[in-house]
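Reading through the structure tokens given below for one structure.
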Amino acid sequence: MIKAAKLSLCALVLTLCACSNSIDVDPDTGFEIFTIPAGGHNSIIRNEAFTGSGVNIKAIFDNSAQYTLEVASDQADINKLIGFSDCTQHHQSESGRIGWRWFNDELQILAYTYLEGNLSFELMGAIPLNTEVDLSVRIVGDTYQYSGTGLQSVTMQRSSNCETGENYWLWPYFGGDQPAPHEVKIQLKRTVID
């Protein structure tokens, strides 16, 4: 039992060490490159304030976004692409994010919202691999509005009791319950909406 606990701790430390706090940028395209290591969840460990009312992004998923999980029932779990905490709360209390998953042999994009600690999500559609796609999540009054190229626009409820203060970026993350079965690379260009 102690040996298994030590091995689990070592695996956790190695996974955390594989993540950095810096963002790689392709000098030719200007895209930020986020890499989720095999066996990991996080693409980056970084605290950065988010001060806008939303974000427009350009995203490119390559073939590494195709995966099969060991537990088949987890295949429908939603990975997170990008977003922000809201209302000066923890992101699992208040946040707006764009989710993604490889499900039914397609790369699906989802609106992903926490409202007062309750998670809700809605399928927006599917996008092609190796193609630049525009996506957006923005705050409009008491709602989050999600949109994207060739996708259904979605409006989800936002807390009407928001306090002003500092929120933070939410970075690409794999899971769900299971870690990435292999390395996943995602390219992003982010533009904050004031």
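Here is the figure for segment 107-139: residues that are among the hydrophobic types (A, V, I, L, M, F, W, C), open to solvent by 20 Å² or more (accessible area, probe 1.4 Å) and either more than 16 Å from F84 (Cβ to Cβ) or in contact with a Gly (Cβ under 8 Å, 6 or more places away or on another chain) (or both) total 5. Within segment 175-194, the set of residues being in contact with a Ser or Thr (Cβ under 8 Å, 6 or more places away or on another chain) and assigned to a strand (DSSP E or B) comprises V184, K185, I186, Q187, V192, I193. Scanning segment 70-90 for residues that are under 20 Å from A126 (Cα atoms) and either touching a strand residue (DSSP E or B) at 6+ places or on another chain (Cβ under 8 Å) or surrounded by 19 or more Cβ atoms within 10 Å (Cβ to Cβ) (or both) yields Q75, A76, D77, I78, N79, K80, L81, I82, G83. Checking the stated criteria, A38 turns out to be in contact (Cβ under 8 Å) with a residue 24 or more places away in the chain and either open to solvent by less than 50 Å² (accessible area, probe 1.4 Å) or more than 19 Å from L170 (Cβ to Cβ) (or both). Residues that are in a strand (DSSP E or B) and open to solvent by 10 Å² or more (accessible area, probe 1.4 Å) were ranked within segment 91-102; the one that is farthest from N118 (Cα to Cα) is W102. Does segment 78-85 include one or more residues that are at pLDDT below 95 and either part of a strand (DSSP E or B) or small (G, A, S) (or both)? No, because not a single residue in segment 78-85 is at pLDDT below 95 and either part of a strand (DSSP E or B) or small (G, A, S) (or both). Scan segment 106-129 and tell me whether some residue there is in contact with an Asp or Glu (Cβ under 6 Å, 6 or more places away or on another chain), part of a loop (DSSP other than H, G, I, E, B) and at pLDDT 95 or above. Within segment 106-129 (the criterion being in contact with an Asp or Glu (Cβ under 6 Å, 6 or more places away or on another chain), part of a loop (DSSP other than H, G, I, E, B) and at pLDDT 95 or above), the answer is no, since none of the residues qualifies. Taken together, L69, L151 contain a single residue that is touching a residue at least 12 places away in the same chain (Cβ under 8 Å) and closer than 26 Å to Q178 by Cα, which is L69. For L151, are the conditions met, namely being assigned to a loop (DSSP other than H, G, I, E, B) and farther than 23 Å from E48 by Cβ? Spelling it out, L151 is indeed assigned to a loop (DSSP other than H, G, I, E, B) and farther than 23 Å from E48 by Cβ.
Reported count of residues in segment 154-174, each being open to solvent by less than 30 Å² (accessible area, probe 1.4 Å) and in a strand (DSSP E or B), is 5. Annotation: of all residues in segment 41-68 being part of a strand (DSSP E or B) and of a type in the set (F, W, Y), the one that is surrounded by the most Cβ atoms within 10 Å (Cβ to Cβ) is F61.
Cβ separations smaller than 6 Å between residues 6+ apart or across chains give the following pairs from segment 116-145 residues that are closer than 19 Å to F50 by Cβ and charged (D, E, K, R) to residues that are open to solvent by 60 Å² or more (accessible area, probe 1.4 Å) and assigned to a strand (DSSP E or B): R138/Q145.
The values are calculated or read from the model by the stated rules, or taken from the named source; none is laboratory data. Only a predicted model underlies this, so the values are computations on that prediction, with no experimental measurement involved. Here the Cβ is made from the backbone with ideal geometry for all residues, glycine too, and neighbour counts use every protein chain on show. Ligands, DNA and RNA are stripped out before the accessible areas are found, and what is left, the full protein with its side chains, is counted by its heavy atoms. Shrake-Rupley method; radii C 1.70, N 1.55, O 1.52, S 1.80 Å.
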